[in-house]
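To keep things clear, I will list the structure first and then write my remarks on it.
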């Protein structure tokens, strides 16, 4: 006679198992001979929804359930592919068991398309993982364990390359380019730009958004990508993280320039003088712009 296997699948993105987690796992254990706990993981970097790596969650669960087999299950592009992965793990590790997959509130059950039966365990009154994470974000931060946790979290992530954009509005009628300047730039100018927002639909739209925010209601068209460049951003000069910008040229159509956001001045600069007034960090962008204009206006 086959032995019975309970399979519990969850993300368990909490600092400790809550009553709902324990109720689900205890119920599954009481009805079966063995238990497999699959922890959902993602290839994405840590986020507010998925802050803890697999190794941390695996140790947390094993403290209470040392008899469980605990593995990770990676997110897949489709429910079908993810379900097939689940089935393959279960059949390969427990070939002589009849398996049932257990879930509760907000569980995987609606997304599972595999071959094993599922069982819904009614939830008991308990906060969800989402509620717990939201509460923690508002909790007391004035203690050494909290600070140690933040330090450790940063040590786990890889170095990042932040995506920025810069744009050069060109007034072809008199061959001028709109540049910006901060007080800290001295008498040097920079291309108008900034970081890409998560809400931006494209790099081109991000560039035009930054142009509006930093230089006023300037209308441009014929946006042209000139290349990508590593920018020596002073905020990251001692960090492993770095900045990459995508550089665009655009034809000025209409509007009146007005410095905004973190710029103190915007000014139309003759193309032939750009190389002599630009910030050193934006010099490669300037050279690509000059080459572009030479090719398109010959």
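Every number here is computed from the coordinates shown, using simple stated rules; none is lab data. The structure displayed is predicted, hence computed values, not measured ones. For neighbour counting, all protein chains shown are included, and Cβ atoms are generated from backbone atoms with ideal geometry for every residue, glycine included.
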Crossing angle, helix 19-30 versus the chain [Cα axis fit, 0-90 degrees, rounded to tens]: 40
Segment 3-156, relative contact order [Cα under 8 Å, separation at least 6], %: 29
C-alpha long axis of helix 54-64 to longest principal axis of the chain, angle in °: 30
The chain, relative contact order in percent, only Cα pairs under 8 angstrom and at least six apart counted: 16
Anisotropy class of segment 227-274 from Cα gyration tensor, a/c 1.5 cut: prolate
Label zone at residue 156 (point 7 Å along Cα-to-Cβ), backbone N below 17 Å, segment 1-43: 10-18, 39-43
Sites residue 238 and residue 273, calculated FRET efficiency, Cβ-Cβ separation with R0 45 Å, nearest 0.05: 0.85
Segment 161-297: C-alpha gyration tensor shape, a/c 1.5 cut-off, then a/b vs b/c: rounded
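Using the per-residue mean of other Cβ atoms lying within 10 Å as a proxy for protection, in what order, highest first, do the peptides 97-107, 23-33 fall?
97-107, 23-33
Please report the relative contact order for segment 86-224, taking Cα pairs under 8 Å with a sequence separation of at least 6, and give it as a percent rounded to a whole number. Could the numbers behind the result be given before it?
Numbers: 105 pairs, mean separation 19.1, N = 139.
Relative contact order here is 14 percent.
If packing is taken as the average number of other Cβ atoms within 10 Å across a peptide's residues, how do 180-186, 159-165 rank, most packed first? Please report the intermediate quantities before stating the final value.
Numbers: 180-186: 14.3, 159-165: 16.4.
Descending packing order for the listed peptides: 159-165, 180-186.
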The chain: angle of helix 283-297 to the longest principal axis, Cα-based, in degrees nearest 10: 60
Relative packing of peptides 270-279, 234-243 - highest average C-beta neighbours within 10 Å first: 270-279, 234-243
Centre separation in Å (Cα based) which lies between segment 31-99 and segment 211-229: 46
